[in-house]
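Here the structure comes first, spelled out in structure tokens, and everything after it is commentary.
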Amino acid sequence: MSSLSRIAVIGATGSLGKPVVQELVRAGFFVRAIARDPVKAQSLLVKEVEVIKGDLQDVDSLERAFYEMDAVYLNLTTPSRKAAFYPERDGTKNVIQAAQAADLQHISKISGLGTRKVNETKWWQHQQKFEAEQAIIESGIPYTIFQPTFFMETLLMLIRGKSLTLIGDPANPFYWIAGEDYGKQVVAALKSEQAHNKRYAIQGLEPLTMKEAALRFIQVYDPTLKVSSIPLALVKMLGLFSDQMQLVSEAIGVLSKTKDEFVSRETWNELGQPQMKIEDFAQVMRGSGAR
Ligand SMILES: NC(=O)c1ccc[n+]([C@@H]2O[C@H](COP(=O)([O-])OP(=O)(O)OC[C@H]3O[C@@H](n4cnc5c(N)ncnc54)[C@H](OP(=O)(O)O)[C@@H]3O)[C@@H](O)[C@H]2O)c1
């Protein structure tokens, strides 16, 4: 049993930060979100979460925000290759500095399953996640790193109007997981010293291609939606004018060549097995009115 009970979260407002925060609160942890815009963050988070101002680029603000905390959980993303500051790589290094000064007992972070194949993919996103992982491992602070495959939450982001639009329609299957199941595994890791100094693969129950996942999702979520796809070449072209489109086209290009082998047996044994299939996730999202 671990003695961690007060958890600071950076990136709590993110699409994958919210389900983790929800499960931490449900499990009885005290959660403090560190956010650049506390007013906005408080409006997006449940009332049990304390919100404090802090910025990954400002080590002093992080150290102040870590006051009386036991641990920090990081949900960060790096949206542009051209950015001068990479929240995942550079922000994590600043977090480590502040965590050492504040004497935190544990640091955990969402990363990606792709970092295991960084030598193969040679993708800058995997590289900077890998560097963040290495910085955490070398920090001397007990850590847990989570390496997920695709989240079911991604399907919600592909809905525009009455269409769920796939990009490039990759043919390879992925072990999709729901944020809620992942949040429960984070809770289990923070409660157990056995999970200290480990990297866990995070995968769901069954392998599904994007199209299979999308078709099964809309059947429960909203059967009036249509599943369509746009060619990867078109998104690549749009990427010339938009960082977001460039990142999406790079991600789909890399993922199309990735085989999502099942490597989560140890995770399931130690942190619990996920419960939700695509239909269960769709039912929950339908009930919450999420879009
Ligand atoms: N989607 C998937 O299927 C999948 C699969 C595997 C791994 N992942 C990884 O999961 C991670 C999280 O994804 P997400 O969708 O939750 O990301 P997201 O929605 O973009 O959230 C990022 C969070 O970081 C915060 N942030 C950014 N810069 C900050 C700064 N300077 N100081 C403080 N906070 C800052 C943002 O806060 P603000 O509210 O201030 O903007 C936001 O809450 C990513 O690394 C992604 O690669 C995703």
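Neighbour counts of C-beta atoms inside 10 Å place 126, 196 in the sequence 196, 126, starting with the fewest. When DSSP beta bridges are restricted to pairs lying wholly in segment 133-285, around 25% turn out antiparallel. Between 37, 70, 103, the GNM of the chain built on Cα springs shorter than 10 angstrom shows 37 fluctuating the most.
Taking Cβ atoms as reference points and 11 Å as the exclusive limit, the residues near residue 27 contribute a net charge of +2, counting Lys and Arg as +1 and Asp and Glu as -1. Charge tally around residue 135: other residues with Cβ under 14 Å, Lys/Arg +1 each, Asp/Glu -1 each, net 0.
For the chain, the longest principal axis of the alpha carbon atoms and the long axis of helix 210-221 meet at an angle near 80°. Extension gain, residue 163 to residue 241: 0.36 nm times the residue separation minus the Cα-Cα distance gives 25.7 nm. Using only DSSP helix segments of four residues or longer, with each worth -39500 (n - 2.57), what per-residue ellipticity at 222 nm results for the chain after dividing by its residue count and rounding to 500? It lands at -12000 deg cm²/dmol.
Note: relative contact order over the chain, using C-alpha pairs below 8 Å and six or more positions apart, is 18 percent.
Given segment 167-291, what count of lysine pairs have C-alpha atoms under 24 Å apart, with each pair 8 or more places apart or on different chains? Qualifying lysine pairs in segment 167-291: 13. If one computes the Cα centroid of segment 194-249 and of segment 1-23, what distance in Å separates the two points? The distance from the Cα centre of segment 194-249 to that of segment 1-23 comes to 24 Å. Highest GNM mean-square fluctuation among 141, 230, 252, for the chain modelled with Cα contacts below 10 Å: 230. Of the trypsin sites (Lys or Arg not before Pro) found in segment 93-126, those that fall in a DSSP loop while having at most 14 other beta-carbon atoms within 10 Å are 122.
Tell me whether segment 94-240 comes out rounded, prolate or oblate; compute the Cα gyration tensor, take square roots of the eigenvalues as a ≥ b ≥ c, and use a/c under 1.5 as the rounded threshold. Prolate shape, in that a/c is at least 1.5 and a/b is the bigger ratio. Exposure proxy for 205, 56: other Cβ atoms within 10 Å of each Cβ, ordered fewest to most, give 205, 56. Ranked for footprinting exposure by Cβ neighbours inside 10 Å, fewest first, 61, 288 give 288, 61. Mean-square fluctuations from a GNM of the chain, with a 10 angstrom spring cutoff on Cα atoms, peak among 222, 60, 181 at 222. Segment 269-289 and segment 72-98 have their alpha-carbon centroids 29 Å apart.
Between helix 17-26 and the chain there is an angle of about 60 degrees, using the helix long axis and the longest principal axis of the Cα atoms.
Bear in mind that the values in this text are calculations on the coordinates, not laboratory data. Please read these numbers as outputs of a predicted model, since none were measured by experiment. So basically every Cβ, Gly included, is an ideal-geometry build from the backbone, and we count neighbours across all protein chains shown.
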